[in-house]
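**Student:** What follows is a single structure, and I will ask about it in a moment.
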Protein chains: 2
Amino acid sequence: MKHYLAQVTITLRTSILDVQGKTVEHALHALHMPSMSNVRIGKHIQINVHAPDAETAKEQVETACMKLLANPIMEDYSVTITELAGAMA
Amino acid sequence: MKHYLAQVTITLRTSILDVQGKTVEHALHALHMPSMSNVRIGKHIQINVHAPDAETAKEQVETACMKLLANPIMEDYSVTITELAGAMA
């Protein structure tokens with residue numbers, strides 16, 4: 001069994017209005033940063049996973065995304081797995 | 001002037017207890033996923049930036065992180081810039 005670091009990025013689907021992002025965009029413009037637009041705010045989740053190999057780790061994290069972490073109707077998710085050297089980092 | 005996509009990842013510093021992450025970790029264990037541990041939850045922000053070059057775009061986004069997006073006392077941030085082909089994507 002090895003240790004992996006899973007990095008999950010969860011974003012609202014582009015068809016869905018991101019109210020929090022719009023608010024941040026207005027705040028950036030109010031702070032004299034007019035060059036920024038189309039702000040979208042999502043979640044970034046890091047998880048340590050104990051699994052025999054990277055594919056199994058990715059499957060487990062995708063199951064967690066579907067069951068708990070993401071709302072598959074409104075959100076997209078992507079998972080990146082990297083192996084952690086030695087013991088738990 | 002070119003269009004860039006900035007991807008900002010904001011994470012709580014490791015010395016700070018992540019209560020939301022702990023709660024998600026307990027929920028994962030309750031869903032029979034005991035192989036996952038050390039869950040940390042942060043933010044992932046996408047911003048379109050209009051700038052003459054990638055360095056300027058990165059500087060602008062880092063300024064936005066310091067002034068508005070992140071809390072530099074409790075959070076770390078990283079910025080990745082990619083050029084968008086053609087007009088606004």
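The values are calculated or read from the model by the stated rules, or taken from the named source; none is laboratory data. Remember, it's a predicted structure, so these values are computed and weren't measured experimentally. With ideal geometry, Cβ positions are generated from the backbone for all residues, glycine too; neighbour counts draw on all protein chains shown. Ligands, DNA and RNA are excluded from the accessible area calculation, which covers all protein heavy atoms including side chains. Shrake-Rupley method; radii C 1.70, N 1.55, O 1.52, S 1.80 Å.
**Student:** Quickly run through the range B:53-71 and pick out the residues that are out of contact with any Leu (no Cβ under 9 Å at 6 or more places or on another chain) and open to solvent by 70 Å² or more (accessible area, probe 1.4 Å).
**Tutor:** B:Glu55, B:Lys58, B:Glu59, B:Met66
**Student:** Across the range A:72-82, what is the number of residues that are hydrophobic (A, V, I, L, M, F, W, C) and open to solvent by less than 70 Å² (accessible area, probe 1.4 Å)?
**Tutor:** Count: 2.
**Student:** If you go through the range B:8-24 one residue at a time, do you hit one that is of a type outside the set (Ser, Thr, Tyr), open to solvent by less than 70 Å² (accessible area, probe 1.4 Å), over 20 Å from A:Gly42 (Cβ atoms) and touching a Leu at 6+ places or on another chain (Cβ under 9 Å)? Can you show your working first?
**Tutor:** From the range B:8-24, those of a type outside the set (Ser, Thr, Tyr) are B:8, B:10, B:12-13, B:16-22, B:24; that's our starting set.
Keeping just the survivors that are open to solvent by less than 70 Å² (accessible area, probe 1.4 Å) gives B:8, B:10, B:12, B:16, B:18, B:21, B:24.
With the extra rule that they be over 20 Å from A:Gly42 (Cβ atoms), the set shrinks to B:16.
With the extra rule that they be touching a Leu at 6+ places or on another chain (Cβ under 9 Å), the set shrinks to none.
No: zero hits.
**Student:** Is it true that A:Ala85 is within 23 Å of B:Thr14 (Cβ to Cβ) and either open to solvent by less than 70 Å² (accessible area, probe 1.4 Å) or in contact with a helix residue (DSSP H, G or I) (Cβ under 8 Å, 6 or more places away or on another chain) (or both)?
**Tutor:** Values: within 23 Å of B:Thr14 (Cβ to Cβ): yes; either open to solvent by less than 70 Å² (accessible area, probe 1.4 Å) or in contact with a helix residue (DSSP H, G or I) (Cβ under 8 Å, 6 or more places away or on another chain) (or both): no.
Here the answer is no, as A:Ala85 does not meet what is asked.
**Student:** Please report, ordered by residue number, the strands (runs of 3 or more DSSP E) entirely within chain B with at least 3 residues that are within 11 Å of chain A (Cβ to nearest Cβ).
**Tutor:** In chain B, the matching strands (runs of 3 or more DSSP E) lie at B:2-12, B:36-51.
**Student:** Here is a further query. Could you please tell me which pairs satisfy a Cβ distance under 8 Å, a separation of 6+ or placement on different chains, a first residue in the range A:5-28 that is within 30 Å of A:Pro52 (Cα to Cα), and a second residue that is of a type in the set (Phe, Trp, Tyr) and surrounded by 12 or more Cβ atoms within 10 Å (Cβ to Cβ)?
**Tutor:** A:Val8/A:Tyr77; A:Thr9/A:Tyr77; A:Ile10/A:Tyr77; A:Thr11/A:Tyr77
**Student:** Further question on the same structure: Would you pick out the residues in the range A:26-45 that are farther than 24 Å from B:Ile41 by Cα and open to solvent by less than 70 Å² (accessible area, probe 1.4 Å)?
**Tutor:** If we filter the range A:26-45 for residues that are farther than 24 Å from B:Ile41 by Cα, which is where we start, we get A:26, A:29-37.
Residues satisfying the conditions are A:Leu31, A:Met33, A:Ser35, A:Met36, A:Ser37.
**Student:** Now a separate question. In the range B:49-59, how many residues are out of contact with any helix residue (DSSP H, G or I) (no Cβ under 9 Å at 6 or more places or on another chain) and touching a residue at least 40 places away in the same chain (Cβ under 8 Å)?
**Tutor:** Going through the range B:49-59 one residue at a time, the tally reaches 5.
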